[in-house]
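Everything on this sheet refers to the single structure shown next.
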Amino acid sequence: MVMLGTIVLTGYLYIVIPKGFFPQQDTGLIIGLSEAAQDISYSAMAERQMAVINAVLEDPAVASVGSAIGAGGGTTTINNGRMFIALKPNNERDATADQVVRRLQTRLARIQGITLYMQAAQDITIGGRLSKTQYQYTLADADPGELNRWAALFLDKIKTIPGITDITTDQENAGPLLDITVNREVASSFGILPSTVDNTLDDAFGQRIVSTMYTMNNEYHVVLEVDPKFQFGPEALNNIYINSSTGQQVPLRTLINSGVKVAPLVVNHQGQFPSVTISFNLVPGNSIGQAVSAIQQVEKELGKPASLATSFQGNAQAFQSSLSSTPLLIAAALVVIYLILGMLYESVIHPITILSTLPSAGLGALLLLMAFHFDLSVIAIVGIILLIGIVKKNGIMLIDFALSAEREHGLTSEQAIYQACVLRFRPILMTTMAAMLGAVPLMLGSGAGSEIRQPLGYAIVGGLALSQVLTLYTTPVVFLYLDRLTRRSRPPGENSVSQPTPERVPVT
């Protein structure tokens, strides 16, 4: 009954424990991506970015800040910027990286016209895609109009999900566009070709390289443009004149029709199709597994069209893959172990006795992880797989000794397993304590990035502690029960084979 209850409870805890990918680390670095209005100029963006830098440097946990704006390093437009916030060593600050992020968000909310999205840098990231926040959910569609409409619906719906914060999107389709059309009839009346109008606009605003100056150590490009003070706004066209065929100065405004429209600043693609990526962070205490399930529920509620493809990217996508393959991985490991033990003992029963030690180890690992509020992450699963090998040896020590005592010394099953428990208690305890104490530094360790190792230590210590207590009680019971079942299944005359005279097994 204890064995059956252990198996049932382990399965229940596996279902209810929050599922994660990799633990959130504090590496001493925060990556930030800033975003301003889509119609902002370069100089205004530089001013807003500097205001953010000054506010960040006021935090006592911040050591230094590196910053850049414009295209490059994960940003593609002028209204985006990058920021790398280096924190002081752990012993010189009073908050973790995530706590510093939340503290800075409160302070930066007072700065008008710009938003800084931050995430703690991690040692292990999957996917290689840099976004404003840590997890990505991508929508792709061949029809840009349909994509824009559904992306807005998904964004509004995801914002209502509890446990998800810092929700943003890379959709930037509200940039200002000055649409200029040459009035060919008016231009031809002055003897001006449309190409002349194009070249004049390129000279004024295109930053055309017209020459290169060479020196002994370097070279310098000569860039042609109008004075920067005349480059702001559509009214800049009022000050530009073009020579007619007669040498007359003709105002550019008389040759063109212009209007301000809205256009995308950038069109992102996923594969061959236009895409929109919605990125988000998690509220402390929530797992990526809960967020993924909630977003999948949003898909069902909205009833998206078949032409709209949705998928998680980066860490969220890797989490989905690992979650789906983990049960198969553990099952495959158990099958391989069963086959090896079956060939070793030439039996289909005794490997089950040895494998009966594993549920208590899994139960102990899950209980300790839940007690200290850890997700069942990839690192914790690695610890559970390690437990399979460590705990299994306890059963091997008992069963191997008991079988040897039965065959060589003629002991009954009860006497053999009792002697095995008595004489193998010390080596079992020594190997278990060696493994457990080796995992304690992982469990209690501190320092930069130590969070990724802690679930491994907690899983090993919890599994070994509980299995050590239960193994000496459950394994003999399972051994005796399966041994009786084996004897009953034998032919009637096979159990009457003469046995050697029972003798006490020498202590070795």
Check your understanding: In this structure, does residue 388 turn out to be open to solvent by 30 Å² or more (accessible area, probe 1.4 Å) and assigned to a helix (DSSP H, G or I)?
Key -> no
Revision key, fill the gap. Of the candidates 122, 136, the one satisfying the condition of being among the polar types (S, T, N, Q) and touching a Gly at 6+ places or on another chain (Cβ under 7 Å) is 136
Check your understanding: So how many residues does the range 199-217 have that are among the polar types (S, T, N, Q) and within 45 Å of the chain's Cα centre (by Cα)?
Key -> 1
Study note, to complete from the structure: By residue number, the members of the range 151-177 that are surrounded by 15 or more Cβ atoms within 10 Å (Cβ to Cβ) and among the aliphatic types (A, V, I, L, M) are 151, 155, 158, 161, 164, 167
Exercise for review: Mind listing just one residue for me: the one in the range 197-235 that is open to solvent by 100 Å² or more (accessible area, probe 1.4 Å) and in a loop (DSSP other than H, G, I, E, B) and, of those, nearest to residue 180 (Cα to Cα)?
Suggested key: 232
Practice item. Say whether the condition of being in contact with a Gly (Cβ under 9 Å, 6 or more places away or on another chain), under 21 Å from residue 106 (Cα atoms) and assigned to a loop (DSSP other than H, G, I, E, B) is met by at least one residue in the range 43-66. Key: no
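Results for (1) over 28 Å from residue 306 (Cα atoms); (2) in contact (Cβ under 8 Å) with a residue 60 or more places away in the chain; (3) assigned to a helix (DSSP H, G or I), shown as yes or no for each residue.
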{"site": "95", "(1), (2), (3)": "yes, no, no"}
{"site": "101", "(1), (2), (3)": "yes, yes, yes"}
{"site": "107", "(1), (2), (3)": "yes, no, yes"}
{"site": "124", "(1), (2), (3)": "yes, yes, no"}
{"site": "138", "(1), (2), (3)": "no, yes, no"}
{"site": "151", "(1), (2), (3)": "no, yes, yes"}
{"site": "156", "(1), (2), (3)": "no, no, yes"}
{"site": "166", "(1), (2), (3)": "yes, yes, no"}
{"site": "176", "(1), (2), (3)": "yes, yes, no"}
Review point. Has the range 198-221 got any residue that is on the phi < 0 side of the Ramachandran plot and touching a residue at least 60 places away in the same chain (Cβ under 8 Å)?
Key: no
Exercise for review: Just give me the residues in the range 96-150 being over 16 Å from the mean Cα position of the chain (by Cα), open to solvent by 20 Å² or more (accessible area, probe 1.4 Å) and β-branched (Val, Ile, Thr), in sequence order.
Suggested key: 96, 106, 111, 115
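The values are calculated or read from the model by the stated rules, or taken from the named source; none is laboratory data. Quantities reported herein were computed from a predicted structural model and do not represent experimental measurements. Don't worry about glycine lacking a Cβ; one is built from the backbone with ideal geometry, like all the others, and counts go over all protein chains shown. Surface areas here come from the heavy atoms of the whole protein model, side chains and all, with no ligands, DNA or RNA. Shrake-Rupley method; radii C 1.70, N 1.55, O 1.52, S 1.80 Å.
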